[in-house]
1. Within the stretch 269-288, is even one residue under 29 Å from residue 119 (Cβ atoms) and assigned to a strand (DSSP E or B)?
2. Can you tell me which residue is farthest from residue 127 (Cα to Cα) among those in the stretch 231-251 that are crowded, with 17+ Cβ neighbours inside 10 Å and without any contact (Cβ under 8 Å) to a residue 60 or more places away in the chain?
3. When residue 130 is evaluated against the numbered criteria (1) touching a strand residue (DSSP E or B) at 6+ places or on another chain (Cβ under 9 Å); (2) modelled with pLDDT of 95 or more, which criterion, by number, is the only one it fails?
4. Would a scan of the stretch 366-380 turn up a residue that is touching a strand residue (DSSP E or B) at 6+ places or on another chain (Cβ under 7 Å), under 30 Å from residue 421 (Cα atoms) and either touching a residue at least 40 places away in the same chain (Cβ under 8 Å) or in a strand (DSSP E or B) (or both)?
5. Restrict the check to the stretch 146-153 and report whether at least one residue is touching a strand residue (DSSP E or B) at 6+ places or on another chain (Cβ under 6 Å), more than 24 Å from residue 92 (Cβ to Cβ) and surrounded by fewer than 23 Cβ atoms within 10 Å (Cβ to Cβ).
6. Would you pick out the residues in the stretch 215-228 that are closer than 21 Å to residue 148 by Cβ and either crowded, with 20+ Cβ neighbours inside 10 Å or without any contact (Cβ under 8 Å) to a residue 24 or more places away in the chain (or both)?
7. Would a scan of the stretch 341-361 turn up a residue that is surrounded by fewer than 19 Cβ atoms within 10 Å (Cβ to Cβ) and closer than 27 Å to residue 65 by Cβ?
8. Answer yes if at least one residue in the stretch 424-443 is in a helix (DSSP H, G or I), under 22 Å from the mean Cα position of the chain (by Cα) and within 28 Å of residue 338 (Cβ to Cβ), and no otherwise.
């Protein structure tokens with residue numbers, strides 16, 4: 001398939017509803033959102049209560065929770081039993097005084113955000129896609145953008161989970177210290193998360209502007225100024241022509257939208273990150289004011305961003321190495337072009353969550369959206385990883401990478417503590433799968 005034919009297919013499918021009903025998933029082979037992964041079992045269970053979860057865990061030796069299926073690798077796969085919490089999607093409580101909201105684990109950001117807005121509250125950040133489940137996003141350290149904004153898991157102040165033994169355990173930031181910091185980005189290895197409490201804040205409005213064709217030389221000289229220019233800044237590039245194709249600026253504070261921004265020109269129409277695609281399903285741009293949840297994501301809540309026929313990889317590197325890492329990848333432009341749709345560069349603040357990709361490290365991410373050709377991408381990823389090796393990259397937990405388990409483990413100072421915590425709540429490995437065993441638990 002040519003790139004243009006692929007893009008036409010993606011654009012035509014962009015207006016389809018967000019998620020198919022669960023009952024439809026099980027009628028044929030169950031796949032992830034992108035269609036690149038077929039799950040290894042057809043034993044798909046559904047729970048609508050904690051008691052149903054406990055009953056399943058008592059009856060099965062191996063279980064993995066399946067969220068909104070947005071992981072591109074097998075971190076949520078199982079050869080035995082998959083568990084969906086999709087029916088558990090209610091807001092349990094909103095504490096206005098404490099600025100906290102407690103919700104069922106199956107709820108998505110797309111479901112939660114309009115509710116918060118109606119009550120006069122907001123979250124600090126959102127990912128590009130609003131249809132992902134909150135528990136799943138936090139468990140894999142999924143992030144938004146903004147150099148002062150932690151990833152989505154940093155909003156978690158408490159969580160409730162069912163352990164392998166069927167016990168209900170609650171951990172809070174205030175009371176449980178280190179155990180809490182180990183459990184929030186739990187990678188599905190500690191238990192079945194049933195409830196999550198998030199920090200919230202008063203609602204706020206935002207404006208979004210897009211600039212086109214930022215010269216690479218300007219990025220090199222002014223990266224810090226560009227990233228600090230607004231609440232959230234994303235750079236999109238196909239790595240061609242010594243420029244960044246688009247700069248997406250999400251302004252919560254006053255922002256003067258001058259005709260030029262570090263050599264880039266202010267767009268005169270709404271744009272899609274992939275220039276050839278219609279911006280119909282993207283969040284509103286052109287400086288039009290709107291609520292936070294309609295500007296922080298790149299894509300509108302009522303639509304999927306594509307047909308899913310793509311592959312994604314993403315690497316986190318220390319913020320201090322941002323420019324060098326970007327220039328290292330830019331040198332690969334000719335190798336990447338035949339396989340790449342677009343890349344995105346974002347900044348994320350450091351946090352103290354043990355298995356977070358930003359653990360004690362202000363970071364930038366270099367994200368790759370590839371055509372769905374795993375044979376070609378599998379050969380390209382080691383080349384990208386070698387270029388980034390001097391900066392000790394941490395790959396996104398839910399996306400594709402080829403780093404060896406030994407190298408991956410070396411990037412996490414608290415790994416041994418995490419393994420002990422996981423063993424405490426799951427001594428026989430009920431929640432472990434091939435991905436976790438290979439990458440984290442198989443020492444040596």
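The values are calculated or read from the model by the stated rules, or taken from the named source; none is laboratory data. Predicted model, so just to flag it, every value in this text is computed and none were measured. Virtual Cβ from ideal backbone geometry, glycine too; neighbours counted across all protein chains shown.
1. Yes, the conditions are met somewhere in the stretch 269-288.
2. Result: 243.
3. Failing condition for residue 130: (2).
4. No, because not a single residue in the stretch 366-380 is touching a strand residue (DSSP E or B) at 6+ places or on another chain (Cβ under 7 Å), under 30 Å from residue 421 (Cα atoms) and either touching a residue at least 40 places away in the same chain (Cβ under 8 Å) or in a strand (DSSP E or B) (or both).
5. Yes, the stretch 146-153 has at least one match.
6. 219, 224, 226, 227
7. There is at least one residue in the stretch 341-361 that is surrounded by fewer than 19 Cβ atoms within 10 Å (Cβ to Cβ) and closer than 27 Å to residue 65 by Cβ.
8. Within the stretch 424-443 (the criterion being in a helix (DSSP H, G or I), under 22 Å from the mean Cα position of the chain (by Cα) and within 28 Å of residue 338 (Cβ to Cβ)), the answer is no, since none of the residues qualifies.
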